[in-house]
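Notes follow once the structure below has been shown.
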Amino acid sequence: MDASQAMKGFLDVAVLAVVEAADNYGYEVVRLLREAGLAEVGDASVYGTLRRLYQAGALTSYAVASEEGPHRKYYAINERGRALLKEGTETWQSFADTIDRLLGLPRRAA
Amino acid sequence: MTPTLGVVELTEAGQGYLRRVAAQLADLPDEDRVELLEDLTLHLAALEQEDDDRSLEDRLGDPAEYAADLRTAAGLPPAPRPSTRSSRALAVLGAAARPVRTFVPQLLPGWWVARGYLIVLLLSLLPVNSHRDFPVPAPGGSHALGAVLVLLAVVASVALGRRAQHRWHLAMAVAVDVAVVVAALATAAQVPDRLVRTDYVMVTPPSPFTDSSLITPHGPVTNVFAYTLDGTPLAQVLLFDQDGRPLRTGEQLWWKDHCRRVIEQPKALDGVAIDHVYPKAYVLDPARRGLSGTNVVDPATCTAKVAPSVVLPKVRPGS
């Protein structure tokens with residue numbers, strides 16, 4: 001199965017998790033997701049997700065001047081975003097447990 | 001809140017990519033479009049800082065696909081169909097053609113049947129013959145054979161049509177269709193001749209006067225009588241024309257007494273009858289048939305003269 005297809009439904013959680021760890025700008029979010037192992041995730045998908053989460057009031061945004069190049073548009077998580085992340089994490093946990101059981105894998109530590 | 005970002009400088013390639021994505025987002029509300037393009041501008045600028053020789057298309061994908069992914073992930077509606085004048089015209093045509101597109105497949109089985117019939121009909125029409133080929137073709141003059149062939153051809157044609165989902169079958173079916181249509185059109189030009197006139201073939205009955213008759217103002221010559229100057233009738237004379245060709249007369253078929261007569265021809269050494277021996281020896285038909293060929297006559301009533309009575313000129317002796 002194509003990992004990018006499986007990932008699509010949980011990209012929100014992944015992006016929220018990255019931004020929750022630290023405020024960040026799009027380019028860096030893409031890089032961190034790839035570094036974490038989501039090699040297939042598309043730049044456009046990440047930016048689209050950031051835009052949607054921002055519109056949904058789960059993220060805030062601010063500009064920071066950069067010495068190395070252009071200004072950066074940082075995203076930061078807020079209360080609403082954290083609630084979404086918690087909800088998404090539980091959904092993922094439940095989903096992952098279900099699939100683990102189906103695959104006969106040992107229960108992972110909670 | 002939209003942060004202020006200041007001026008961002010992009011390379012030409014970056015600007016081109018940005019423009020092409022922007023073109024795909026043109027229908028979005030200003031706020032969404034500006035934000036997404038701003039993100040992309042910054043992203044492109046950041047990518048240009050990297051030490052990577054790959055093109056933007058290689059790294060980010062086709063601009064149209066990038067824009068489509070952006071829309072999907074952002075929960076925005078997909079791009080509407082391009083609405084240039086020609087594409088609008090195409091859309092109108094497409095809508096108008098939709099009933100045709102649904103109707104044509106329903107007609108196809110009918111065409112498969114017609115195709116099988118046409119193949120046999122057209123092949124039957126190829127040789128000019130006197131048989132009526134329509135509506136049932138008669139290859140070799142047999143309507144029964146035609147009916148069987150039509151049945152087989154229809155079955156084969158329908159089978160071909162049903163299997164035409166595969167590329168090769170489809171190509172073959174289209175080739176057959178084109179051939180049948182072309183042949184049908186070519187044949188249609190001759191339809192009045194081939195389909196109608198075949199019933200009325202002119203038959204010329206064999207005639208005793210067709211190709212070998214001597215004709216005089218009084219009618220066809222059916223016998224020749226030769227006499228020597230002293231009035232002696234000559235028997236079994238061979239007559240030739242000025243070029244040495246045997247002189248042939250017609251055969252007398254009608255006799256005053258309605259008794260049929262036949263010619264007794266002398267035969268050459270090889271047994272072949274010599275037909276230009278005169279006078280012809282007309283003798284009564286041994287089967288005693290009459291002129292109609294079916295009635296039997298009494299030879300006693302057959303009194304018509306075979307040789308005419310002639311008046312010979314008086315010849316001055318010695319001339």
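Mind counting the residues in the range B:287-306 that are out of contact with any strand residue (DSSP E or B) (no Cβ under 7 Å at 6 or more places or on another chain) and loosely packed, with under 11 Cβ neighbours inside 10 Å?
Result for the range B:287-306: 8.
Being within 13 Å of chain B (Cβ to nearest Cβ) and either closer than 21 Å to B:Leu36 by Cα or at pLDDT 90 or above (or both), is that true of even one residue in the range A:80-101?
no
Do you know which residues across the range A:55-67 are out of contact with any His (no Cβ under 9 Å at 6 or more places or on another chain) and surrounded by fewer than 20 Cβ atoms within 10 Å (Cβ to Cβ)?
A:Gln55, A:Ala56, A:Gly57, A:Thr60, A:Ser61, A:Tyr62, A:Ser66, A:Glu67 - these are the residues of the range A:55-67 that are out of contact with any His (no Cβ under 9 Å at 6 or more places or on another chain) and surrounded by fewer than 20 Cβ atoms within 10 Å (Cβ to Cβ).
Restricted to the range A:8-30, and to residues that are facing chain B (nearest Cβ under 9 Å) and out of contact with any His (no Cβ under 7 Å at 6 or more places or on another chain), which residue is farthest from B:Asp39 (Cα to Cα)?
A:Lys8
Taking the range B:98-117 on its own, how many of its residues are over 23 Å from B:Val155 (Cα atoms) and under 25 Å from the mean Cα position of the chain (by Cα)?
Adding up the residues that qualify gives 0.
Condition first: assigned to a strand (DSSP E or B) and out of contact with any Phe, Trp or Tyr (no Cβ under 8 Å at 6 or more places or on another chain). Now tell me which residues in the range B:239-269 satisfy that.
Answer for the range B:239-269, where residues must be assigned to a strand (DSSP E or B) and out of contact with any Phe, Trp or Tyr (no Cβ under 8 Å at 6 or more places or on another chain): B:Phe240, B:Cys259, B:Lys267.
Out of the residues in the range B:228-248 that are surrounded by 11 or more Cβ atoms within 10 Å (Cβ to Cβ) and more than 60 Å from the chain's Cα centre (by Cα), state the one that is modelled with the lowest pLDDT.
Here the residue is B:Gly231.
List the number of the failed condition for B:Ala175; all other conditions in (1) exposed (fewer than 13 other Cβ atoms within 10 Å of the Cβ); (2) under 37 Å from the mean Cα position of the chain (by Cα); (3) at pLDDT below 85 hold.
Of the numbered conditions (1) exposed (fewer than 13 other Cβ atoms within 10 Å of the Cβ); (2) under 37 Å from the mean Cα position of the chain (by Cα); (3) at pLDDT below 85, the odd one out for B:Ala175 is (3).
Looking at B:Val311, B:Val272 in this structure, which one is free of Cβ contacts under 8 Å to residues at least 12 places away in the same chain and farther than 27 Å from B:Thr232 by Cα? Lay out the reasoning, then the answer.
Values: B:Val311 fails: farther than 27 Å from B:Thr232 by Cα.
It is B:Val272.
Within the range A:69-77, can one find any residue that is within 9 Å of chain B (Cβ to nearest Cβ) and of a type in the set (A, V, I, L, M)?
Residues of the range A:69-77 that are within 9 Å of chain B (Cβ to nearest Cβ), as a first pass: A:69-74.
Next, only the ones that are of a type in the set (A, V, I, L, M) stay: none.
Checked against the condition, which is being within 9 Å of chain B (Cβ to nearest Cβ) and of a type in the set (A, V, I, L, M), the range A:69-77 yields no hits at all.
Residue by residue, here is whether (1) among the charged types (D, E, K, R); (2) facing another protein chain (nearest Cβ under 9 Å); (3) free of Cβ contacts under 8 Å to residues at least 12 places away in the same chain holds:
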{"position": "B:Leu18", "(1), (2), (3)": "no, no, no"}
{"position": "B:Gln24", "(1), (2), (3)": "no, no, no"}
{"position": "B:Asp27", "(1), (2), (3)": "yes, no, no"}
{"position": "B:Asp32", "(1), (2), (3)": "yes, yes, no"}
{"position": "B:Asp39", "(1), (2), (3)": "yes, yes, yes"}
{"position": "B:Leu42", "(1), (2), (3)": "no, yes, no"}
{"position": "B:Gln49", "(1), (2), (3)": "no, yes, yes"}
{"position": "B:Arg59", "(1), (2), (3)": "yes, yes, no"}
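The values are calculated or read from the model by the stated rules, or taken from the named source; none is laboratory data. Model, not experiment: these values are computed from the prediction. Ideal geometry is used to build each Cβ from the backbone, glycine not excepted, and the neighbour counts take in all protein chains shown.
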